[in-house]
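Inspection log for the structure reproduced underneath, given as structure tokens.
Since every read-out is calculated from the coordinates, none of them should be taken as a lab result. If you're wondering where the values come from, they're calculated on a predicted model, not measured in any experiment. Using ideal geometry, Cβ is built from the backbone for each residue, glycine included, and neighbour counts are taken over all protein chains shown.
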Amino acid sequence: MTRETLHVAPGAEVPRGDEMRAPDEVAAMLQLKQLGWGIRRIAREFGCSHMTVRRYIAQDGFVAYRRPTRRGRLDGLEAWLADRFRQHAGNADVVRQELAAEKGIVLSLRTVERAVAPWRRALAAEARATVRFETPPGHQLQIDFGERRVSVAGIPTKVFLFVATLGYSRRLYVRAFTNERQENWFAGMEGAFQHFGGAPREVLLDNDRGLVLRHDVHTRQVTFNARFLAFARHWGFRPRACAPYRARTKGKDERGVGYVKKNAIAGRRFASWAAMEAHLDAWARDVADARVHGTTGEVPLERFRHAEATALRPITGLPSFQSLRELTRRVQADCAVEVDGNSYSVPWRLIGEHVRVTVTAEALRVSHAGHEVAVHARRSGRHQRVVEAAHFAGVAGFEAKVVQPAGLDVVATEAPALLRPLAEYEALVGGGF
């Protein structure tokens with residue numbers, strides 16, 4: 001009978017003064033004892049201490065030795081560590097700092113890194129994972145920007161590629177910009193709506209600062225930019241932000257950006273910016289729309305024409321949101337605000353005050369302290385003065401004759417300028433606007 005050295009598993013320890021016996025050796029010891037062998041004779045046979053034989057006989061078999069467990073300084077803090085590790089996007093050093101500040105536990109960075117290692121692997125797996133989900137026709141459009149350095153006119157240029165992907169058909173819309181500002185997000189979305197011939201019910205986006213003011217990691221409460229909400233109301237879609245630090249939960253569009261970079265742009269040089277834009281349009285039409293999509297197994301353009309084109313919300317006749325502007329103006333001494341070279345009257349009591357002016361293609365609306373105080377038809381020319389008589393009610397000298405100058409589509413007055421301080425008029429007239 002031979003003797004073996006047992007390779008002990010992690011957590012086990014070899015008994016002091018003797019090496020651990022293999023399970024088959026222990027079984028043989030018990031059999032010899034049943035045959036009447038003495039303990040010392042068995043010990044001599046196996047070349048071990050008689051105390052070892054006594055221990056195994058007392059245990060009635062092989063029992064693996066386990067190291068006594070000691071309580072670690074991080075025991076009981078597993079949930080806290082996991083939460084902070086995720087909160088700081090896998091930065092173990094920040095967790096170490098907060099561990100010392102909040103818990104009074106000072107440890108080396110290496111110790112904290114070993115403690116959070118299981119969550120680091122999970123975080124890395126989540127970052128690699130792409131959640132694929134299907135949406136009905138016309139329901140969702142996913143948008144994103146991607147950066148790429150491209151040679152334009154022989155100059156390395158950082159190009160920001162706006163990519164919009166319809167959730168059902170996987171049709172792409174691509175447009176190049178020089179930056180990633182809010183107005184370019186709007187221009188990209190409006191371009192996509194025009195390209196697809198309609199607007200979706202929902203737009204899924206990343207947490208860009210120009211669109212999302214705040215997105216709580218834990219409660220998932222989202223505060224959107226006010227102007228972006230106005231844009232969404234204008235086009236009739238519901239904005240939806242993907243999970244913070246999980247841009248890949250958008251799924252389709254994250255891969256769409258990579259597809260554009262690697263297929264449409266990679267390795268190409270363009271003589272001008274216009275040439276690059278023409279290339280992107282042709283690529284989207286001849287390549288992206290015509291390929292067999294790897295997930296759906298269908299051609300995006302055919303899938304779009306079959307089901308999604310009619311499911312989008314019609315936008316015929318709806319003007320661009322970019323034509324709607326919100327301005328701040330100070331009311332001048334002639335009781336008017338100036339916009340695009342023309343002046344529009346407001347109530348005289350607002351002289352010197354700042355007002356908000358909303359400009360559309362047809363109208364100009366003026367509000368103060370949340371109340372609308374004037375509405376005028378917008379003038380397309382310049383150097384025109386638009387006056388509403390009610391805005392001058394009670395002003396001394398304003399009862400002069402009103403005339404219509406030939407050839408001008410404005411209302412002019414033969415009224416003298418305001419010669420008295422505003423306080424005097426207010427004391428004499430009082431009342432509202």
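Mind listing which trypsin sites (Lys or Arg not before Pro) in segment 69-122 are in a DSSP loop and have 13 or fewer other Cβ atoms within 10 Å?
ARG70, ARG71, ARG73
Taking a ≥ b ≥ c as the square roots of the eigenvalues of the Cα gyration tensor of segment 140-308, is the shape rounded (a/c under 1.5), prolate (a/b larger than b/c) or oblate?
Judged from the Cα gyration tensor, segment 140-308 comes out oblate (a/c at least 1.5, b/c at or above a/b).
Residue by residue, what Karplus-based ³J(HN,Hα) values in Hz, rounded to whole numbers, does segment 22-29 have, using 6.51, -1.76 and 1.60 with θ = phi - 60° and x for Gly and Pro?
Here the 3J(HN,Hα) series is 6, x, 5, 5, 5, 4, 5, 4 Hz.
Is segment 225-357 best put as rounded, prolate or oblate by its Cα gyration tensor, with a ≥ b ≥ c the root eigenvalues, rounded for a/c under 1.5, and otherwise prolate when a/b is larger than b/c, oblate when not?
It is prolate, given that a/c is not under 1.5 and a/b is the larger ratio.
Which cross-chain or sequence-distant (5 or more) residues have an amide H under 5 Å from the amide H of LEU327, H modelled 1.01 Å from N in plane?
VAL357, THR358, VAL359
Can you tell me how segment 73-216 classifies by the Cα gyration tensor, rounded, prolate or oblate, using a/c under 1.5 as the rounded cut?
prolate
Taking loop as defined by DSSP and a crowding limit of 15 other beta carbons within 10 Å, which GluC sites (Glu not before Pro) in segment 323-380 fit?
GLU353, GLU362
Kindly put VAL331, VAL395, VAL366 in sequence by how many other C-beta atoms sit within 10 Å of each C-beta, fewest to most.
In increasing order of surrounding Cβ atoms, one gets VAL395, VAL331, VAL366.
Mind checking the full-extension length gain between ALA124 and HIS139? Use 0.36 nm per residue of separation minus the Cα-Cα distance, one decimal, nm.
2.3 nm
Find the centroid of the Cα atoms in segment 277-315 and in segment 378-394, then give the distance between the two in whole Å.
Value for the Cα centre distance between the two parts: 49 Å.
Tell me the trypsin sites (Lys or Arg not before Pro) within segment 328-378 that lie in a loop according to DSSP and have at most 16 other beta-carbon atoms within 10 Å.
Passing both the DSSP loop test and the Cβ count: ARG378.
For TRP37, what is the net charge nearby, where nearby means another residue's Cβ is under 11 Å from its Cβ and Lys, Arg count +1, Asp, Glu -1?
Around TRP37, the surrounding residues sum to +3.
Around ALA192, with a cut-off of 10 angstrom between Cβ atoms, what is the net charge of the other residues, counting Lys and Arg +1 and Asp and Glu -1?
+1
Using the Kirkwood radius built from alpha carbon pairs, what does the Stokes-Einstein equation give as D for segment 78-128 at 20 °C and 1.002 mPa s, in µm² per second?
Approximately 197 µm²/s, per Stokes-Einstein.
What FRET efficiency, computed as 1/(1 + (r/R0)^6) with R0 = 22 Å and r the Cβ-Cβ distance, is obtained for GLU362 and ASP334, rounded to the nearest 0.05?
Using R0 = 22 Å, I get an efficiency of 0.35.
What order, most packed first, do the peptides 317-325, 234-242 have when packing is the mean number of other Cβ atoms within 10 Å of each residue?
234-242, 317-325
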